[in-house]
Amino acid sequence: MAKISINLSDGTVKQEEKKDIIVGIDLGTTNSLVAYMEAGNAVAVSGQDGKNTLVPSVVHFSEGDTVLVGDAAKAFLLKQPQNTIYSVKRLMGKSYQDIAKAGQYLGYEIIDEDTESLVKIRVRDKFYSPVELSAKILAELKNRIENTLDQPISKAVITVPAYFNDAQRQATRDAGKLAGLDVLRIVNEPTAASLAYGIGLSQDESKTIAVYDLGGGTFDISVLQIQGGIFEVLSTNGDTLLGGDDFDRAIIDYWLEEYNIEKNILTDNKELGQSFRIAAEEAKKTLSTQDQYTGTAGGQTVNLNKAQFESLVKPLIDKTLVSCKNALSDAQLTVDKIDSVIMVGGSTRVPAVKKAVSAYFQQEVNDKLNPDEVVALGAAIQADILAGNNKDLLLIDITPLSLGIETMGGLMDTIIPRNTKVPAKAGRQYTTSVDGQKNLQVSVYQGERDLVADNRKLGEFILRGIPPMPAGIPKIDIQFILDADGILTVKASELRSGVEQSIQVKSAYGISEEDMARMLLDSIQNAEADMKVRALLEARNEANNIILSADKFLQQNATILNEEETTRTIELTNALREAVKGEDKDRINLAMEELNKYTTPLAHRAMDVNIGEAIKGKKL
Ligand code: AMP
């Protein structure tokens, strides 16, 4: 196990780690920001105006595919919603099925498929993954700090919500890589917020804390236990559709009623709607420090006082307290066991929020730091610890290169990411791709590239004796167990039948620090090319599955479809077959979308007919 430090611009291995600046990044749903350590203090970096540290997490594609990020992109949200992507964090590592379940509404186009493949966002005739879009935001932040410090920056710590799963964390790492950043650590947002308040910085500290995070569109509460410098998330709770925007909406609704304005007028007249939204947010912010607000919205004078505002938002604040109660009960704790409460997110500036949270937890809350910046500041502190600048904190051993297995099309599926603390254990479930498949080859690789061919093979084995089942039914669990000496045990088992097989390999064997540095440098330099190949292979895999389903569908429903429907389905399937042979992933995606659009209503009809038949045949 080792800790390496390389200069990504020229590939040299650095002996002296101290001079490295590793930045902390808060990649948020609404806003993102970057921070670093300067003379022992964490500082958030502002833009050219020297004031605003927040970069709106919005990406706009203008005609000719010029990309704008941040405030410049936000200006297009109303005018060109279909080319302006916001809230991309909600889509990170998510499949179409996940999104359908969440029933979310977004202003831009997401292809409507009910599959397990990862979502893509369509902008004109191009398709983007959430990873690519997040990478654009990260690249903007990288640019911002490079301009401020006047030096290249290549290493970062990025924060994610505590509830992010493995796929969402991996997607965040990939976005960093694509933006030219070596992501040394993915840190939980509540952990970063605690570090910003200096909690958990000393080894002998033992504390239980609650982090209350109320932003513009989301609410999270996390309960953490800190012991010996280790942060453990005991529970998380919250509401992904509750935040300051709802406060604004409550104010607008109140005004509409107060001034006898038709609600529909605001939806029909976007400019009027926008002017009310701006006034409502201004009123809310004003009432954080004053008792009375007077302004104008759409030519109408609007008023609101603090007491009125507080009664409007009380139900929303109460909802967050229910989540706090649930989080405590999941952690099997009572309020008196919480040592500190930390406030995160712009909406915690509302005095009524602070008062309610403080009353609920029966203590003063930590609110001295800027609630918009606190997560990024904590990430910068974590980055500084990793850079070795905080001598009091011991550095834990980490795995220097990612470990994973080969999946369809020669892609690397990382199971234990690089820089994970060891010992470590991680696993994932897979299935078969062919009907009746009895054996499954498990090939274990080490490295950062997207194609296994570019990585280092550690070993392979075959899981034999899977009972014959249709493709997609077997549940094959692969577990990676990495001990403190770098010995990796890989276990594969088919969960339905219990067949099992495993190997042991030495992950650190025969690889020098220079080789590691080169592999890492290659991965960052080739990130864009790798991602293009990955996107093409993934589109092909997905298309092949869809072609198989379409063929099956035609066979099974020959009597339900009329001639025109059958011919058109065959035509569209053949067009997709043709597209799969080519190298253009956007063409494959477009062909898939067309086939899906055409066959979805047919599939619904076929399902209704089949259910009808089944009910008819059933004796009651
Ligand atoms: P965040 O997502 O953490 O950036 O939070 C943004 C939310 O905080 C938005 O809903 C803002 O309107 C809200 N916010 C920002 N400043 C204030 C303030 N002074 N008082 C009340 N709410 C605020």
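Bear in mind these aren't lab numbers, they're just calculated from the coordinates by the rules spelled out. Keep in mind that what you see is a predicted model, and the values were worked out from it rather than measured. Reconstructed Cβ throughout: ideal geometry from the backbone, glycine too, with neighbour counts over all protein chains shown.
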Be a star and scan the stretch 152-187 for residues whose amide nitrogen sits under 12 Å from the point 7 Å along the Cα-to-Cβ vector of Arg518.
none
Asp551 versus Lys475, label points 7 Å from Cα toward the beta carbon: distance in nm?
2.9
Here the FRET efficiency for Gln429 versus Ile487, based on Cβ atoms and R0 = 30 Å and rounded to 0.05, is 0.80
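Could you calculate the contour length gain from Ala453 to Thr567, that is, 0.36 nm times the residue separation minus the distance between their Cα atoms, to one decimal place in nm?
On the way: separation 114, 0.36 × 114 = 41.04 nm, distance 4.08 nm.
Residue separation times 0.36 nm, minus the Cα-Cα distance, leaves 37.0 nm.
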Inter-probe distance in nm under a simple model that places probes 7 Å from Cα toward Cβ, at Arg605 and Ala359:
5.9
Tell me the mean residue ellipticity at 222 nm calculated for the chain from its helices only (DSSP H runs of n ≥ 4, each -39500 (n - 2.57), averaged over every residue, nearest 500).
-12500 deg cm²/dmol
Cβ charges +1 (Lys, Arg) and -1 (Asp, Glu), total dipole of the chain, debye:
860
Where in the chain is the longest stretch that carries no chymotrypsin sites (Phe, Trp or Tyr not before Pro) classed as loop by DSSP and with at most 14 other Cβ atoms within 10 Å?
260-508
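Given the Cα-Cα distance of Ala75 and Arg496 and 0.36 nm per residue of separation, how much length would full extension add, in nm?
The span from Ala75 to Arg496 would gain 146.2 nm if fully extended.
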Using a ≥ b ≥ c from the Cα gyration tensor of the stretch 397-518 (square roots of the eigenvalues), is it rounded, prolate or oblate, where a/c under 1.5 gives rounded and otherwise the larger of a/b and b/c decides, a/b for prolate?
prolate
Integer Hz, Karplus 6.51/-1.76/1.60 couplings in order for the stretch 143-151, x for Gly and Pro
4, 4, 6, 5, 5, 5, 8, 6, 7
Determine the gain in length on full extension of the stretch Ser62-Lys506; use 0.36 nm per residue of separation and subtract their C-alpha separation, reporting nm with one decimal.
154.9 nm
Be a star and scan the stretch 332-350 for residues whose amide nitrogen sits under 17 Å from the point 7 Å along the Cα-to-Cβ vector of Asn326.
332-333
How large, in Å, is the chain by the Kirkwood hydrodynamic radius built from its alpha-carbon pairs?
26.8
Exposed-loop-free span, longest in the chain, where GluC sites (Glu not before Pro) count as exposed if DSSP calls them loop and at most 15 other C-beta atoms lie within 10 Å:
365-582
Pairwise FRET efficiency - Ala167 versus Asp49, Cβ, R0 = 25 Å, nearest 0.05
0.10
